[in-house]
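What follows is calculated from the coordinates using simple rules that are stated; it is not laboratory data. This one's a predicted model, so the numbers in the text were calculated from it and none came from an experiment. Reconstructed Cβ throughout: ideal geometry from the backbone, glycine too, with neighbour counts over all protein chains shown.
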């Protein structure tokens with residue numbers, strides 16, 4: 001069966017990539033159509049989305065026949081066999097190369113708006129396109145990301161002929177291809193809707209999902225903002241001690257919030273130097289002010305305009321979330337604490353009026369007692385939910401799923417209530 005459109009292809013690719021969730025991924029879409037597919041993959045993996053501009057070098061007499069490709073950083077890949085079979089000399093390709101290089105730089109400026117590319121060093125990079133014929137463009141893309149320090153490269157594509165898939169397996173660490181027909185004529189024949197993607201669509205998709213620098217006072221901290229179309233609100237995550245925006249537990253929660261139509265912002269509360277000082281990890285005042293600044297930054301982002309904002313905190317991050325909620329004018333719509341230390345928010349607790357959900361494992365007895373004491377001091381509506389059979393990190397089978405369901409329902413109820421009032 002063909003794909004309905006590029007969105008459908010992206011969702012089906014994401015299902016195949018599902019077991020890989022939880023790692024430090026970056027998703028790169030090859031424009032234009034590949035970015036539409038990549039956006040669905042990035043949303044499902046809860047990974048930053050960026051564009052990777054690679055231009056096909058078409059045969060001088062048959063422009064649709066790709067005989068090579070160029071990419072950022074001066075990368076050039078040529079299909080030597082095809083060049084030999086068609087009798088094309090390298091000097092005959094020079095005009096094609098100059099033209100495509102100019103278009104590559106134009107697109108980079110348009111898509112990134114002068115901003116830097118997402119950092120790839122040491123990360124797993126998923127390169128996505130809406131389909132591939134010869135694979136020359138993908139080979140150039142793989143060379144580009146390896147030059148930029150990618151630790152592992154996965155090529156994900158809805159459809160490509162078998163020979164191309166085999167060619168790409170030799171270059172990528174993994175190739176995921178949903179359909180590989182022996183009789184391959186054109187990519188478009190495998191889509192019901194294969195209308196041309198515009199630059200405006202690409203720019204819009206990149207704006208809604210991607211890695212950003214979150215401005216918190218004088219600091220620029222890495223974060224990932226993901227806002228699905230029609231989002232009812234956005235949840236800011238405040239991670240706990242020793243964790244970061246890459247926390248697999250928080251990412252699992254964020255993924256389910258996306259499924260419920262909510263956006264998320266995961267960011268590092270401390271830079272690398274600050275995180276090495278353990279005193280900062282437990283400085284609730286410092287962390288709370290970082291959350292406040294992040295919320296202020298978020299409200300200035302176009303995709304967050306007018307949306308209610310909640311906060312999800314884990315461990316010491318829960319205290320930071322409550323400290324932020326107590327600040328006049330911050331106006332958080334709801335707070336959820338997972339295995340948190342709300343007691344560390346101290347005298348700020350009576351000033352918290354946002355609806356607050358405290359989630360604790362039944363086996364986490366010391367933290368449970370701290371949450372019970374803190375709940376008595378909260379100034380606004382609150383509920384304490386105890387997950388049976390769960391320890392502090394909710395590692396037992398089914399316990400994290402319970403956290404996800406509780407958080408999703410809490411934010412779904414309270415953020416939507418604000419958005420329609």
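Anisotropy class assigned to the range 211-420 is rounded, per the alpha carbon gyration tensor with a/c under the 1.5 cut-off.
Restricting attention to the range 1-151, close to 55% of DSSP beta bridges with both partner residues there are antiparallel.
For the chain, the longest principal axis of the C-alpha atoms and the axis of helix 90-112 are separated by about 20°.
For the chain, the longest principal axis of the Cα atoms and the long axis of helix 365-375 meet at an angle of about 70 degrees. A Cα-only calculation for the range 6-204 places Rg and Dmax at 15.9, 48 Å. Summary value for the chain: 12 percent relative contact order, contacts being C-alpha pairs under 8 angstrom separated by 6+ residues.
Taking every C-alpha pair closer than 8 Å and separated by at least 6 residues, the mean separation divided by the residue count of the range 176-291 gives a relative contact order of 22 percent.
For the peptides 344-351, 321-328, the ranking by mean Cβ contacts within 10 Å, running from highest to lowest, is 321-328, 344-351. Both radii come from the Cα set of the chain: Rg as radius of gyration, Rh as Kirkwood radius; their ratio Rg/Rh reads 1.04.
Between the C-alpha center of the range 1-77 and that of the range 378-399 there is a gap of 39 Å. Working from Cα positions, state the angle (0 to 90°, nearest 10) between the long axis of helix 248-259 and the longest principal axis of the chain. Result, in degrees: 80.
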